1. Which condition number in (1) at pLDDT 95 or above; (2) of a type outside the set (Val, Ile, Thr); (3) at positive phi; (4) within 14 Å of ligand 1 (Cβ to nearest atom) is the one that Leu139 fails?
2. Tell me yes or no: at least one residue of the stretch 30-40 is open to solvent by 60 Å² or more (accessible area, probe 1.4 Å), more than 14 Å from Cys128 (Cα to Cα), in contact with a helix residue (DSSP H, G or I) (Cβ under 6 Å, 6 or more places away or on another chain) and modelled with pLDDT of 95 or more.
3. Within the stretch 44-67, is even one residue touching a Gly at 6+ places or on another chain (Cβ under 6 Å) and in a loop (DSSP other than H, G, I, E, B)?
4. Given the options Asp284, Asp258, name the one that is part of a helix (DSSP H, G or I) and more than 11 Å from Pro227 (Cβ to Cβ).
5. For the stretch 173-193, enumerate the residues that are over 19 Å from Pro116 (Cα atoms), in contact with a helix residue (DSSP H, G or I) (Cβ under 9 Å, 6 or more places away or on another chain) and not in a loop (DSSP other than H, G, I, E, B).
6. Of everything in the stretch 85-134, what is part of a loop (DSSP other than H, G, I, E, B), open to solvent by 10 Å² or more (accessible area, probe 1.4 Å) and within 16 Å of ligand 2 (Cβ to nearest atom)? Give them in sequence order.
7. Can you confirm whether Pro75 is closer than 19 Å to Thr204 by Cα, out of contact with any Ser or Thr (no Cβ under 6 Å at 6 or more places or on another chain) and in contact (Cβ under 8 Å) with a residue 60 or more places away in the chain?
8. Which number in (1) touching a strand residue (DSSP E or B) at 6+ places or on another chain (Cβ under 9 Å); (2) more than 12 Å from ligand 1 (Cβ to nearest atom); (3) of a type in the set (Ser, Thr, Tyr) marks the one condition that Ser174 misses?
Amino acid sequence: MNTKLTQSPTLAARYIAHGEVVAFPTETVYGLGANLFNESAIRKIFEAKGRPTDNPLIAHIAELDQLRSIAREVPPIAQTLVDAFFPGPLTLVLPKHEQIPLIATAGLNTIGVRMPQHPIARQFLTACGMPLVAPSANLSGRPSPTTWQAVREDLNGRIACILKGDPAKVGLESTVVDCTGKAPVILRAGGVTLEQLREVLPETEIANPGHAEAPKSPGMKYRHYSPDARVVISIFPQFTAPVGDSAYIGIDPPPRLDGFKKFLLCREVAEYAHALFQFFRECDEEGIQTIFCQAVQEKGLGLALMDRIRRAAHE
Ligand code: TXA
Ligand code: MG
């Protein structure tokens with residue numbers, strides 16, 4: 001398949017109308033979209049990514065009234081979060097409308113819904129005139145793509161079209177929040193922080209993966225966000241030293257910085273989060289064997305950042 005590169009949301013939307021899949025920019029990471037109501041188009045997403053079919057997809061909307069065709073109901077806690085954070089890097093898990101094909105939700109009776117903020121994503125969704133399901137636009141198991149070039153690296157020849165945009169602003173995926181219980185439960189940390197959620201709903205909790213009753217985000221059980229290189233968490237940069245062809249990313253410099261084949265020092269956590277996945281990809285291209293990632297405090301965006309680093313380190 002010849003993958004069309006374009007900057008035109010209306011041209012990209014034509015591929016969706018023909019039942020094809022299209023990669024598009026969002027503020028979190030690039031997504032791979034298909035018509036939410038077209039089963040064979042959705043199947044192409046799983047095929048192109050090599051994604052296990054028991055991992056549900058997120059529905060993306062441009063307008064709030066599209067929620068009614070996706071969710072059977074919008075509980076009051078969900079409405080509060082919609083009012084506070086839509087559009088933005090937040091996905092709400094809601095009871096699913098019966099007309100949604102089960103392949104989209106991997107057989108679950110709930111569905112994740114998100115309204116992206118990115119202007120090109122919004123123009124594209126509006127041009128499509130329907131909600132799209134979209135996972136991150138990477139091959140399954142690879143770091144999520146934060147640039148259109150990274151999408152092309154993984155999916156060239158496997159998808160019909162890439163809608164080009166700027167590099168993703170946040171660089172980590174959306175926060176996934178289960179809104180089907182009494183209190184909101186974070187299933188995946190992401191762009192909207194626990195602190196921000198607790199400002200509007202103080203009862204917000206984080207799912208405990210070890211807790212049998214906690215509703216889980218099925219995708220979290222898979223190997224994720226992984227570069228080919230070994231990832232090592234550096235708790236004490238002052239004691240971190242290069243080994244072989246190694247790289248370092250963090251905020252504080254280790255003493256022998258120029259002994260690393262590649263390094264990136266970030267000013268703060270947001271910049272670190274923004275850079276992480278791209279750094280992983282560049283390290284693989286350059287044949288780096290070990291990537292040291294400085295540990296940061298698990299507050300604010302640091303919670304999502306440490307979650308991704310741990311998964312990459314297989315902890
Ligand atoms: O920022 C994002 O969320 C990006 C952009 C493209 O919007 N999308 C994204 O999708 O990261 P994906 O498919 O890579 O990750 C979706 C996560 C998975 O962990 C999945 O298991 C979880 O959300 N999820 C989706 N639907 C769910 C549901 N009904 N119940 C629980 N978890 C769900
Ligand atoms: Mg993903």
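1. (3)
2. Yes, because at least one residue in the stretch 30-40 is open to solvent by 60 Å² or more (accessible area, probe 1.4 Å), more than 14 Å from Cys128 (Cα to Cα), in contact with a helix residue (DSSP H, G or I) (Cβ under 6 Å, 6 or more places away or on another chain) and modelled with pLDDT of 95 or more.
3. yes
4. The unique qualifying residue is Asp258.
5. Hits for the stretch 173-193: nothing passes.
6. Pro89, Ala106, listed by residue number.
7. It is true that Pro75 is closer than 19 Å to Thr204 by Cα, out of contact with any Ser or Thr (no Cβ under 6 Å at 6 or more places or on another chain) and in contact (Cβ under 8 Å) with a residue 60 or more places away in the chain.
8. Of (1) touching a strand residue (DSSP E or B) at 6+ places or on another chain (Cβ under 9 Å); (2) more than 12 Å from ligand 1 (Cβ to nearest atom); (3) of a type in the set (Ser, Thr, Tyr), only one is false for Ser174: (2).
The values are calculated or read from the model by the stated rules, or taken from the named source; none is laboratory data. A quick note: this is a predicted structure, and the numbers were derived from the prediction, not measured. Virtual Cβ from ideal backbone geometry, glycine too; neighbours counted across all protein chains shown. What goes into the accessible areas is simple: the full protein's heavy atoms, side chains included, and nothing from ligands, DNA or RNA. Shrake-Rupley method; radii C 1.70, N 1.55, O 1.52, S 1.80 Å.
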